[in-house]
Amino acid sequence: MNAVTERTRKRPRTLPYEAVKASLKRCIAEGGWQPGTKLPSERELVLEFACARMTVHRALRELEDEGLIERRQGSGSYVAELHPISNLLQVRDIHEEIAERGHVHSTRVCSVAPVRADADVAAAMRLRKGAAVVRIELVHCENGVPIQLEDRHVNPALAPDLLAQDYTRVTPSHVLFEHAPLTEAEQVVEAVLADAEQARRLDVAVGSALLMVSRRTVSQGAVASIARLYHPGARYRLVGRFSV
């Protein structure tokens with residue numbers, strides 16, 4: 001058996017329902033179908049994918065189990081309202097927010113490394129230029145769909161075990177809340193367009209609208225971290241509530 005045949009034999013076979021599911025999931029993840037959008041009927045999907053009705057039915061059932069769609073008796077299937085943030089006026093752990101919605105949080109680690117603070121980072125963190133900081137880049141997913149690209153710089157003096165953490169199991173926010181309890185925070189929201197790297201990590205098109213939250217957290221007068229949190233505009237809403 002030659003090498004090509006061996007690789008072909010070992011390559012896992014994609015089942016028909018998995019192909020249908022992946023295609024529908026892509027439409028949701030890339031923002032083509034907004035929350036509340038009605039999906040094509042099962043009959044229409046059978047014709048579109050040239051497959052059996054039970055294949056479509058299983059794909060829809062698994063998407064429903066993952067919380068990506070809602071199936072309404074006698075009405076059809078709709079894209080679920082997935083990703084509101086509970087309160088822009090609060091600083092919370094994204095894992096807890098997602099869990100409270102009954103969904104599954106997962107993390108893709110892009111990079112975690114010690115770096116030297118450039119002039120902008122140093123000024124924002126009230127450090128000297130060239131000071132040692134830790135840069136953490138992660139993609140947070142809700143039910144497998146990327147909803148936040150986290151680009152964070154942390155003062156290691158306030159959280160000394162940053163580099164030893166497994167960020168697929170714990171979030172930087174959780175670590176900071178434990179080591180440097182929050183006493184002050186600043187947040188600014190801006191609309192930006194996704195560059196090539198941001199688009200790749202968030203599974204959106206280059207130039208897509210993103211909501212960027214710039215956040216600085218302070219603990220007992222010292223800046224613990226600064227972060228830029230990028231959210232696909234088609235998948236995420238920021239909500240602020242207050243009362244007098």
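Counting neighbouring beta carbons within 10 Å and listing from fewest to most, the residues 219, 225 come out as 219, 225. Over the chain, all Cα pairs binned in 5 Å intervals from 0 give whole-percent P(r) values of 1, 6, 12, 15, 15, 14, 11, 9, 7, 5, 4, 2, 0, 0, 0, 0, listed from short to long. If you plug the beta carbon distance of residue 164 and residue 78 into 1/(1 + (r/R0)^6) with R0 = 35 Å, you get a FRET efficiency near 0.20. Overall shape: rounded for region 101-244, with the ratio a/c of the largest to smallest alpha carbon gyration tensor axis below 1.5. Seen from residue 76, the other residues with C-beta closer than 13 Å to its C-beta sum to a net charge of 0, counting Lys and Arg as +1 and Asp and Glu as -1. In plain terms, the chain from residue 71 to residue 19 could stretch by 16.7 nm, reckoned as 0.36 nm per residue minus the Cα-Cα distance.
Compute the signed sum of charges (Lys and Arg +1, Asp and Glu -1) over the other residues within less than 10 Å, Cβ to Cβ, of residue 122. Could you put the intermediate results ahead of the total?
Working: positive: 116, 126, 128, 129; negative: 118, 120.
Local net charge: +2.
For the chain, the 222 nm mean residue ellipticity estimated from helices alone, with every DSSP H stretch of n ≥ 4 adding -39500 (n - 2.57) and the total spread over all residues, rounds to -8500 deg cm²/dmol. Label sites at residue 99 and residue 205, each approximated as a point 7 angstrom past Cα along Cα to Cβ, lie 3.7 nm apart.
Here region 47-82 and region 176-225 have alpha carbon centers that stand 34 Å from each other.
Laboratory data are not the source of any read-out in this text; all were calculated from the coordinates shown. Note that this is a predicted model, so its numbers are computed, not measured. So basically every Cβ, Gly included, is an ideal-geometry build from the backbone, and we count neighbours across all protein chains shown.
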